[in-house]
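The values are calculated or read from the model by the stated rules, or taken from the named source; none is laboratory data. In this text, all values refer to a predicted model and were calculated from it rather than measured experimentally. Note that each Cβ is placed from the backbone with ideal geometry, even for glycine, and that neighbours are counted across all protein chains shown. In case anyone asks, the SASA skips ligands and DNA or RNA and just uses the protein heavy atoms, side chains included. Shrake-Rupley method; radii C 1.70, N 1.55, O 1.52, S 1.80 Å.
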Amino acid sequence: MARINDVGGTQGFGAIDTTDDPEPFHADWEARVVGLFNALRAQGIFNTNEFRDAIEAIPPATYLTMPYYERWFTAITVLLERKGVIEPGELDE
Amino acid sequence: MSGDHEDASISRRVRRLETLLEEKGVVTAGAVDEVLDAFLAGASPVNGVRVVARAWTDDAYRARLLTDGTAAVQELGFMDGSFQRLRVVENTDATHNVIVCTLCSCYPLPLLGPSPGWYKSEAYRSRVVREPRSVLAEFGLQLPTTTDITVWDSSAESRYMVLPRRPAGMESLSEDELAALVSRNALIGTAAV
């Protein structure tokens with residue numbers, strides 16, 4: 001069965017915000033997430049396919065409302081827990 | 001767009017993860033800075049524009065670019081060591097090309113820089129494969145009904161870039177002058193030159 005990320009051809013997502021914004025990031029945390037992703041992948045802690053799988057496994061209702069780079073952050077934390085790098089709950093405040 | 005409160009919360013959580021990984025000796029802040037700087041330095045639409053301007057002024061290069069995009073952009077120093085395959089698709093009088101990643105946000109980063117927000121949106125990803133003509137019109141690109149539209153769906157391994165049509169009547173322009181005419185959207189296919 002297709003996962004929620006497989007949106008090609010589905011209807012109901014409405015108009016496209018076509019704003020042409022040249023800025024790659026809109027908050028410092030977004031840049032840090034991309035940096036963390038690249039650093040962790042370079043170390044072989046996870047690979048691109050595992051990362052994509054973790055994004056695509058985010059529950060549909062959450063996936064659709066979550067900002068793009070927060071999906072990245074969620075996937076990173078899921079993979080770090082799965083690999084035993086961090087303990088479940090260790091990130092909780 | 002997330003509110004300030006949400007932004008403060010995610011910002012805290014990202015910082016907390018970075019601190020945790022530093023304490024565990026997994027990554028250092030310096031290492032994250034370094035990969036981020038390298039990532040941004042190597043990824044810009046200036047690169048894709050450079051490729052297009054070369055193809056417009058050098059027919060032999062254009063032929064190589066359309067045959068093996070990866071090798072041709074590597075000639076200009078882009079995508080070195082990349083595991084991705086690049087296919088460059090050429091707009092003609094008969095066909096207009098546009099790229100998307102319906103599954104996520106795959107994109108030729110080294111040539112176009114980080115992608116615009118709309119490229120990653122569900123609205124663009126879902127609709128451009130179903131009603132490309134209407135979607136392009138929303139970007140202000142009205143194509144004649146006689147022009148075919150081909151939509152290229154990217155994957156982790158295969159990335160696409162559009163080679164726009166060279167504008168007519170500009171034969172005397174240099175490579176640099178031509179490069180100034182090309183927008184990021186033209187390389188994605190949501191604009192023409």
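For B:E90, the residues whose modelled amide H falls within less than 5 Å of its own, excluding neighbours fewer than 5 places apart on the same chain, are B:L163. Per-residue Karplus couplings for region B:25-42, computed as 6.51 cos²θ - 1.76 cosθ + 1.60 with θ equal to phi - 60°, are listed in order as x, 7, 9, 10, 4, x, 5, 5, 4, 5, 5, 5, 4, 5, 4, 6, 5, x Hz, Gly and Pro entered as x. Averaging the Cα positions of each part gives two centres, and for region A:38-57 and region A:1-28 these lie 21 Å apart.
Taking label points 7 Å from Cα along the Cα-to-Cβ direction, B:E75 and A:D28 give a separation of 4.4 nm.
Taking the Kirkwood radius as Rh and the Cα radius of gyration as Rg, region B:75-170 has a ratio of Rg/Rh equal to 0.97. Take each residue of peptide B:19-27, count the partner chain Cβ atoms within 10 Å of its Cβ, and average: the result is 4. Compute the Rg to Rh ratio over region A:36-82 from the alpha carbon atoms, using the Kirkwood formula for Rh, and round to two decimal places. Ratio value, two decimals: 0.97. Comparing B:P167, B:P108, B:P144 in a Gaussian network model of chain B (Cα springs below 10 Å), the most mobile by mean-square fluctuation is B:P144.
With a 10 Å cut-off around each Cβ of B:30-39, the average count of Cβ atoms from other chains is 5. The percentage of C-alpha pairs in the protein assembly as shown whose separation is greater than 30 Å is 35%. To the nearest ten degrees, helix A:28-42 and the longest principal axis of the Cα atoms of chain A are 60 degrees apart. Amide H to amide H, with H built 1.01 Å from N, B:Y160 comes under 5 Å of B:R87, counting only residues 5 or more places away or on other chains. Buried between B and A is an accessible area of approximately 4300 Å², summed over both sides with a 1.4 Å probe. Taking chain B, the Cys residues with no second Cys beta-carbon under 4.7 angstrom are B:C104. Phi angles of region B:165-173 translate, via the Karplus equation with coefficients 6.51, -1.76, 1.60 and θ = phi - 60°, into HN-Hα couplings of 6, 5, x, 6, x, 10, 4, 7, 6 Hz per residue; Gly and Pro are given as x.
Tally Lys/Arg at +1 and Asp/Glu at -1 over every other residue whose Cβ is under 12 Å from the Cβ of B:R64; what's the total? For residues surrounding B:R64, the net value is -2. Rounded to the nearest 10 degrees, the angle from helix B:45-57 to the longest Cα principal axis of chain B is 20 degrees. What angle do you read, to the nearest 10 degrees and between 0 and 90, between the alpha-carbon axis of helix B:4-23 and the longest principal axis of chain B? The two axes meet at around 70 degrees. Take each residue in B:122-135, count the other chain C-beta atoms within 10 Å of its C-beta, and the mean is 5. Taking every DSSP helix (H) stretch of at least 4 residues in the protein assembly as shown, weighting each as -39,500 (n - 2.57) and dividing the sum by the residue count yields a mean residue ellipticity at 222 nm of -13500 deg cm²/dmol. For B:C101, the amide hydrogen comes within under 5 Å of the amide hydrogens of B:S154, counting only partners 5 or more places away or on other chains and with H modelled in the peptide plane.
Whole-Hz Karplus values for region B:115-120 come out as 6, x, x, 5, 5, 8 Hz, taken residue by residue from phi with 6.51 cos²θ - 1.76 cosθ + 1.60 and θ = phi - 60°; glycine and proline positions read x.
For the pair B:S155 and B:M170, label points projected 7 Å from Cα toward Cβ lie 3.5 nm apart. Grouping the Cα pair distances of chain B into 10 Å bins from zero gives a pair-distance distribution of 8, 31, 31, 18, 9, 2, 0 percent in increasing distance order.
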